[in-house]
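This report concerns only the one structure given below.
The values are calculated or read from the model by the stated rules, or taken from the named source; none is laboratory data. Treat the numbers as computed from the prediction; the structure is a model and nothing was measured. Counting neighbours? That spans all protein chains shown, and the Cβs are built from the backbone with ideal geometry, glycine included. For accessibility, only protein heavy atoms count, side chains too; no ligands or nucleic acids. Shrake-Rupley method; radii C 1.70, N 1.55, O 1.52, S 1.80 Å.
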Amino acid sequence: QRHCKEVYRGQLASVHSAARNEELQKLARTYTHRAPWIGAVTSRKAGKWESHWEDSSTWNYANWAPIHPLHFGSSCTTLSTRDGCWRSRFCYQLRPFICQY
């Protein structure tokens, strides 16, 4: 997220529809086989697990893979270039990412 803001003056992408999810999956697939970061974060708030977008937009769509999101502390989210599903990952991993402007 910080790299998107500082270098590109954007934010990690938020996804609000199946069509947008598919568009980003296809875009990512043209550049990499590794699942890139998107702007979804899952964390525990007031004893309850919830996901939110880094850009503070409304959480109105999700495409989690089975068993995800994982609840292991605050986690970031990748978009699979293979199946378009989202998966929880430790946030410190170096990966490609999708910025939006």
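In a residue-by-residue description of the range 42-49, the property of being open to solvent by less than 70 Å² (accessible area, probe 1.4 Å), touching a strand residue (DSSP E or B) at 6+ places or on another chain (Cβ under 7 Å), over 14 Å from residue 81 (Cβ atoms) and in contact (Cβ under 8 Å) with a residue 60 or more places away in the chain applies to no position.
Does the range 50-59 contain any residue that is under 15 Å from residue 13 (Cα atoms), of a type in the set (Ser, Thr, Tyr) and surrounded by fewer than 11 Cβ atoms within 10 Å (Cβ to Cβ)? Quick ask: steps written out before the conclusion?
Just the residues of the range 50-59 that are under 15 Å from residue 13 (Cα atoms), to begin with: 51-59.
Then keep just the ones that are of a type in the set (Ser, Thr, Tyr); that gives 51, 56-58.
Narrowing the set further to residues that are surrounded by fewer than 11 Cβ atoms within 10 Å (Cβ to Cβ) leaves 56, 58.
Yes, there is a match, as at least one residue in the range 50-59 is under 15 Å from residue 13 (Cα atoms), of a type in the set (Ser, Thr, Tyr) and surrounded by fewer than 11 Cβ atoms within 10 Å (Cβ to Cβ).
Quick check on my filter: what residues within the range 15-41 are surrounded by fewer than 11 Cβ atoms within 10 Å (Cβ to Cβ) and modelled with pLDDT under 95? Correct list: 30, 33. Only residues that are over 20 Å from residue 61 (Cβ atoms) and either of a type in the set (Val, Ile, Thr) or touching a helix residue (DSSP H, G or I) at 6+ places or on another chain (Cβ under 6 Å) (or both) were counted across the range 1-37, and they come to 3. If you go through the range 32-76 and keep only what is out of contact with any Pro (no Cβ under 7 Å at 6 or more places or on another chain), under 21 Å from residue 2 (Cβ atoms) and of a type outside the set (Gly, Ala, Ser), you end up with 37, 38, 41, 52, 53, 54, 55, 76.
If a residue has to be of a type in the set (A, V, I, L, M) and open to solvent by less than 30 Å² (accessible area, probe 1.4 Å) to count, how many in the range 60-85 make the cut?
Taking the range 60-85 first, the residues of a type in the set (A, V, I, L, M) are 62, 65, 67, 70, 79.
Narrowing the set further to residues that are open to solvent by less than 30 Å² (accessible area, probe 1.4 Å) leaves 65, 79.
Count: 2.
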